[in-house]
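Colleague: Have a look at this one before I ask anything.
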Amino acid sequence: MDAPLVITVVAKDRPGLVESLAAAIARQGGNWLESRMSHLGGQFAGILRLTIPPANREKLLGDLRSLQAGGLKVTVQADEAGPSVAAGRMAELTLVGQDRPGIVRQISQAFARVGVNVEDLETEITSAPMSGETLFHARAKVSIPVACDTQALRGELEKIAADLVVDVKLTEITNG
């Protein structure tokens, strides 16, 4: 059975970074399963999950070390199945408002207090169309524990939204 790995990479952005990583994985018979990669502030950052034949794991690690000589910082972790987060309902949080420090912190604190797990988070800054003011946008996919009082959570998010002067929406995701 192939060994699962999670790899993070960071480097000054330039053409060919993903190709060099993909070539190293393919050369050792690895299978690229999923990834999130992005250009942020002149840097390229990514995380990916792959499987590799156990006999080729050390060869892959050697290939990745050689990429580090070219400026790519690489971290490799075994993708060990540990205790999973308690089952719950999936929801999407969307937030838009004037940018200011502390938005992510306050929302994430509210989630942590009631055991909500952030599974995916995307944020960005844009200019408002008419005023040109700086807007902060966030979208998160979260898992809400079964025991969590969703109405109380919504109430807390609404208080935070009023304090930060942002629009927050929490929508449960249904399968079907």
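Colleague: Does at least one position in segment 129-144 carry a residue that is in a loop (DSSP other than H, G, I, E, B), in the same structural domain as L164 (by TED's automatic domain parsing), free of Cβ contacts under 8 Å to residues at least 40 places away in the same chain and hydrophobic (A, V, I, L, M, F, W, C)?
Modeller: Scanning segment 129-144, I find at least one residue that is in a loop (DSSP other than H, G, I, E, B), in the same structural domain as L164 (by TED's automatic domain parsing), free of Cβ contacts under 8 Å to residues at least 40 places away in the same chain and hydrophobic (A, V, I, L, M, F, W, C), so the answer is yes.
Colleague: Now, a different point. Considering only segment 20-30, I want to know if a residue exists there that is at pLDDT 95 or above, surrounded by fewer than 17 Cβ atoms within 10 Å (Cβ to Cβ) and within 30 Å of L170 (Cβ to Cβ).
Modeller: no
Colleague: Would you mind stating whether K59 is closer than 16 Å to A11 by Cα, more than 17 Å from the chain's Cα centre (by Cα) and among the basic types (K, R)?
Modeller: No; evaluated as a whole, the condition is false for this residue.
Colleague: Sticking with this one: From I52, I7, grab the single residue that is farther than 30 Å from D167 by Cα, surrounded by 14 or more Cβ atoms within 10 Å (Cβ to Cβ) and under 16 Å from the mean Cα position of the chain (by Cα).
Modeller: Criteria check complete, one pass: I7.
Colleague: Let me ask something else about it. I'm told L95 meets every condition in (1) surrounded by fewer than 14 Cβ atoms within 10 Å (Cβ to Cβ); (2) in contact (Cβ under 8 Å) with a residue 60 or more places away in the chain except one. Can you identify the failing condition by its number?
Modeller: Going through the list (1) surrounded by fewer than 14 Cβ atoms within 10 Å (Cβ to Cβ); (2) in contact (Cβ under 8 Å) with a residue 60 or more places away in the chain, L95 breaks only (1).
The values are calculated or read from the model by the stated rules, or taken from the named source; none is laboratory data. Here the structure is a predicted model, which is why all the values come from computation and not from measurement. Backbone-built Cβ (ideal geometry, glycine too); neighbour counts: all protein chains shown.
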